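Undergrad: I have a structure here, written as structure tokens, and I will follow up with some questions on it.
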Amino acid sequence: MATVWAEKALLRDGWAENVRIEISPDGLIETIQTGQPAEGHRTGVLLPAPANCHSHAFQRAMAGLTEKRGPDPSDSFWTWRQLMFRFLDRLTPEHVETIAAFVQMEMLEAGYSANVEFHYLHHQPGGLPYANLAEMAERIAAASVTTGMGLTLLPVHYQYGGCDKRALGSGQIRFGNTLDAYAELHAKSAEAIAHLPADSRIGVAPHSLRAVAPEDLGHHVRLAGDTPLHMHLAEQIAEVEEIQAAYGKRPVELVLDSMELNERCCFIHCTQMLSHETDGLARSGAVAGLCPITESSLGDGIFDGVRWFENGGSIAIGSDSNIRISLSEELRTLDYSQRLRDHSRAALATPDKSTGRRLFDAVNAGGATTSARNHGSLAIGKLADMMALKADAVDLIGRGGDTILDCYVFAGDDRMVADVWSAGRHMVTEGSHIGREAIVSAYARTMKELGEAI
Ligand code: ZN
């Protein structure tokens, strides 16, 4: 039984002081007592640590490489994607494992407890499956053993090169599976997850309405059962136009008309929605998986958080391309995008909750349903997924209650994070992952090998 003590803690029922929490050997919060003397591991401000709802780990190794304007005068998402395809042609299973471990380490150090990995790099260069169909999935799983991070693995189904069902291009053939091959891959991936700690989960991920046929979505829904189902949706204008031309409906209209939605459905981005789509999708119970730093980097557009929340919508936060991994910056970027669009301030706050508190609560709740993880708040019986901010952080001096979260989101950064636990595994102390040195040197070796890749 591990004991953690906090000067202040955001419990499910609100803020409390001098809080003593006991964590059971299976990683659950067993007791919570307030007004207790300091004992065990002492922390400043203890918070629930959300899941990172969307990541493509390997893309971390490309961060910073796509900021030049090339010969194509309309440098855009599509040129970024071309570079990504070239880059991933070089990746071996060993590379993928070391990159994933580095990404998970950075996620933990940023305050995330779990990695929901939208995993689509399945096959060898050239497109042949590995002898072990789930080779790459096993590498992601192995990374989570190295880092101690919770894992919800989403093997991705990617079948077509576009809405006309054209064959995959040369850059996409490492992703491709027929529906039957995908079902087999999913089963093998589930076996890989079965060897991990009990908080690990699996889900289903049709890549997008361009890469799978809408008429096949029923198969994905059945395969998912009561596990999460994630899909990219309504990210880019060109994608909306292609889907509209092919099916006579915009992407969100198509999903609303053809799928039964619930809180286990997570649609990634949703940056290209008209008002009626925002209203309908928010009310469906599905979660919008937002990745504001990547959406900024790719010029996707601005998610309508104001309207989404007005309709009772749920959100989760992910780091997608992993160009930069920072929980506080994701939340800040999300809120600032609303301000810049609407010429407003604090529009996501409510009379009861400040902006920082509302966003933090929202991404904890949405992270829990989209990762199928028993976490999201500090309460007895929940997984001990926790992060602690430094008691002596200068920006927190004299601050209390929800203002702590506002200072963390708007004035602070990851340097405020002192400790992180995932299912009771205490992986970050004094701001650093306990295995940082070995993880960074393995990643550095990989980056050296990939140095000539582009
Ligand atoms: Zn993505």
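Undergrad: Taking the range 266-298 as the region of interest, how many residues are surrounded by fewer than 21 Cβ atoms within 10 Å (Cβ to Cβ) and within 15 Å of the ligand (Cβ to nearest atom)?
TA: Number of matching residues: 2.
Undergrad: If a residue must be farther than 21 Å from Gly126 by Cβ and among the polar types (S, T, N, Q), how many such residues does the range 148-171 contain?
TA: Counting residues in the range 148-171 that are farther than 21 Å from Gly126 by Cβ and among the polar types (S, T, N, Q) gives 1.
Undergrad: While we're looking at this one, here's another question. Out of everything in the range 112-148 that is among the acidic types (Asp, Glu) and farther than 14 Å from His54 by Cα, what residue ends up being surrounded by the fewest Cβ atoms within 10 Å (Cβ to Cβ)?
TA: Here the residue is Glu135.
Undergrad: Another question about this same structure. Limited to the range 190-226, what total is found for residues that are under 30 Å from Pro25 (Cβ atoms) and under 19 Å from the mean Cα position of the chain (by Cα)?
TA: Residues flagged as under 30 Å from Pro25 (Cβ atoms) and under 19 Å from the mean Cα position of the chain (by Cα) within the range 190-226 amount to 6.
Undergrad: Related question: Please go through the range 129-141 and pick out each residue that is of a type in the set (Gly, Ala, Ser) and farther than 17 Å from Val116 by Cβ. Working first, answer last.
TA: First, pick out the residues of the range 129-141 that are of a type in the set (Gly, Ala, Ser): 131, 134, 137, 141.
Hits for the range 129-141 are Ala131, Ala134.
Undergrad: Ok, one more. Name every residue in the range 386-401 that is touching a strand residue (DSSP E or B) at 6+ places or on another chain (Cβ under 8 Å), surrounded by 11 or more Cβ atoms within 10 Å (Cβ to Cβ) and among the charged types (D, E, K, R), in order of residue number.
TA: The one that is touching a strand residue (DSSP E or B) at 6+ places or on another chain (Cβ under 8 Å), surrounded by 11 or more Cβ atoms within 10 Å (Cβ to Cβ) and among the charged types (D, E, K, R): Lys390.
Undergrad: So if I check each of Asp406, Asp419, Asp395, which one is of a type in the set (D, E, K, R), in a strand (DSSP E or B) and in the same structural domain as Asp13 (by TED's automatic domain parsing)?
TA: Result of the check over Asp406, Asp419, Asp395: Asp419.
Undergrad: Do we find a residue being free of Cβ contacts under 8 Å to residues at least 60 places away in the same chain and crowded, with 17+ Cβ neighbours inside 10 Å anywhere in the range 77-92?
TA: Looking for residues that are free of Cβ contacts under 8 Å to residues at least 60 places away in the same chain and crowded, with 17+ Cβ neighbours inside 10 Å, one finds none in the range 77-92, hence no.
Undergrad: Now, a different point. Taking only pairs six or more apart or across chains, which ones have beta-carbon atoms under 6 Å, a first residue in the range 373-387 that is touching a residue at least 60 places away in the same chain (Cβ under 8 Å), and a second residue that is part of a loop (DSSP other than H, G, I, E, B) and among the hydrophobic types (A, V, I, L, M, F, W, C)?
TA: Final answer for the pair search is Leu383/Ala423; Asp385/Ala49; Met386/Ala49; Met387/Ala49.
Undergrad: On the given criteria, is Thr43 of a type in the set (Ser, Thr, Tyr) and more than 25 Å from Leu327 (Cβ to Cβ)?
TA: Here the answer is no, as Thr43 does not meet what is asked.
Undergrad: Quick check on the range 6-64: of everything there that is of a type in the set (Asp, Glu) and within 18 Å of Thr403 (Cβ to Cβ), which residue is surrounded by the most Cβ atoms within 10 Å (Cβ to Cβ)?
TA: That would be Glu7.
Undergrad: Of the residues Leu340, Leu331, which is more than 16 Å from the ligand (Cβ to nearest atom), in contact (Cβ under 8 Å) with a residue 60 or more places away in the chain and in the same structural domain as Glu117 (by TED's automatic domain parsing)?
TA: None of the others qualify; the one that does is Leu331.
Undergrad: Give the residue that is farthest from the chain's Cα centre (by Cα), with candidates limited to residues of the range 149-189 that are among the aromatic types (Phe, Trp, Tyr) and closer than 30 Å to Pro50 by Cα.
TA: Out of the qualifying residues, it is Tyr182.
Undergrad: Would you check which residues across the range 149-204 are more than 21 Å from Asp216 (Cβ to Cβ), of a type in the set (A, V, I, L, M), without any contact (Cβ under 8 Å) to a residue 60 or more places away in the chain and assigned to a loop (DSSP other than H, G, I, E, B) and list them?
TA: Residue satisfying the conditions is Leu196 alone.
Undergrad: A further question follows. So, in the range 236-265, of the ones that are closer than 21 Å to Leu359 by Cα and in contact (Cβ under 8 Å) with a residue 40 or more places away in the chain, which residue ends up nearest to the ligand (Cβ to nearest atom)?
TA: By that ranking, first place goes to Arg264.
Undergrad: Right, something else. If Val428 meets every condition in (1) under 18 Å from Ile325 (Cα atoms); (2) assigned to a helix (DSSP H, G or I) apart from one, which number is that one?
TA: (2)
Undergrad: Might you let me know whether the range 96-106 holds any residue that is within 16 Å of the ligand (Cβ to nearest atom), assigned by TED's automatic domain parsing to the domain that holds Val287 and surrounded by fewer than 21 Cβ atoms within 10 Å (Cβ to Cβ)?
TA: So far as the range 96-106 goes, no, none of its residues is within 16 Å of the ligand (Cβ to nearest atom), assigned by TED's automatic domain parsing to the domain that holds Val287 and surrounded by fewer than 21 Cβ atoms within 10 Å (Cβ to Cβ).
The values are calculated or read from the model by the stated rules, or taken from the named source; none is laboratory data. In this text the structure is predicted, and so the values were computed from the model without any measurement. Here Cβ is always computed from backbone atoms with ideal geometry, including for glycine, and neighbour counts include all displayed protein chains.
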